[in-house]
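The values are calculated or read from the model by the stated rules, or taken from the named source; none is laboratory data. It should be emphasised that the depicted structure is a prediction, and the values quoted were computed from it without experimental measurement. Note that we place each Cβ from the backbone using ideal geometry, even for glycine, and neighbour counts take in every protein chain shown.
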Amino acid sequence: MLEYWIALARGPLLRLALLAMALGLLRLVLIQLWEISWAFHRAGDQVVPWGVAIRRNLEWLLPWRYLQRRERRVYNFISFIFHVGVIAVPVCLAGHVSIWRQELGLSWWTLPEALADWLSILTIAAALGLLIGRASHVSSRRLSRLHDWLLPILCVIPFITGLWVAHPSYSPFPVQGVYLVHLLSAEFLLVLVPFSKLRHMVLFWVSQTSTELGWRFPSGSGERVRLSLGKESEGV
């Protein structure tokens, strides 16, 4: 029976989860592009700052922007490690690439097994660190909602079960059952991506670029602000 459910999860359910994620993300991209176009065509300054947009995307990708912030520097670095693990391990783990190759005919570079194990452990530790950091910081704790607490936990379930599948001697449960939980929990996250904060890991380039292209004042805005404030003779 478990073999049937594993085959179902590795095949049709995986394709369905990937399709749901792709369509959900495509919808978000199209909405964002339409909003960027609308804002850009209303802007007075229509010079496209491509250099700034590229720099903003690189700053999001690379860790120096986390390390430069004095406030909560450790928390920000832990967040960076978590993001790296959540993206790199599912995409580049050799076992996962093997599934992509068998089911979808796609293949690419894979992580060495030892590196993937350590990165998985670091991701689990980083998720725990994020929860501790959120709980110990008064402002973060007050602003947090239920999904802010649940999402890191949901993310580490595939990592914990994945380590047990890769090293069954360490698993406290039968490996086939663990493997099924691993597949289903990972596919649940794929479906969840477009509807949760996980989407920013995929669509960061859209949000960063839209900030530079869309956030521009329409022609005459400065004069209208001056009139509203009664400061016609002053700059805004």
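Tabulated data
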quantity: Residue list for the stretch 90-144, filter: charged (D, E, K, R) and under 21 Å from Tyr179 (Cα atoms); calculated: Arg101, Glu103, Glu113, Asp117
quantity: Qualifying residue in the stretch 166-174 (condition: aliphatic (A, V, I, L, M), without any contact (Cβ under 8 Å) to a residue 60 or more places away in the chain and under 19 Å from His96 (Cβ atoms)); calculated: no
quantity: Those residues of the stretch 111-142 which are buried (at least 16 other Cβ atoms within 10 Å of the Cβ) and either among the small types (Gly, Ala, Ser) or over 20 Å from the mean Cα position of the chain (by Cα) (or both), in sequence order; calculated: Ala116, Asp117, Ser120, Ala126, Ala127, Gly129, Gly133
quantity: Qualifying positions in the stretch 144-197 - of a type in the set (Ser, Thr, Tyr) and surrounded by fewer than 18 Cβ atoms within 10 Å (Cβ to Cβ); calculated: Ser144, Ser169, Tyr170, Ser171, Ser196
quantity: Filter result (touching a residue at least 40 places away in the same chain (Cβ under 8 Å) and of a type in the set (Phe, Trp, Tyr)) within the stretch 138-163; calculated: Phe159
quantity: Among (1) under 30 Å from Ala7 (Cα atoms); (2) at pLDDT below 65; (3) among the polar types (S, T, N, Q) - the single one Asn57 does not satisfy; calculated: (1)
quantity: Flag if Val91 is modelled with pLDDT of 80 or more, in contact with a His (Cβ under 7 Å, 6 or more places away or on another chain) and in a helix (DSSP H, G or I); calculated: no
quantity: Of all residues making up the stretch 63-85, the number that are at pLDDT below 70 and assigned to a helix (DSSP H, G or I); calculated: 5
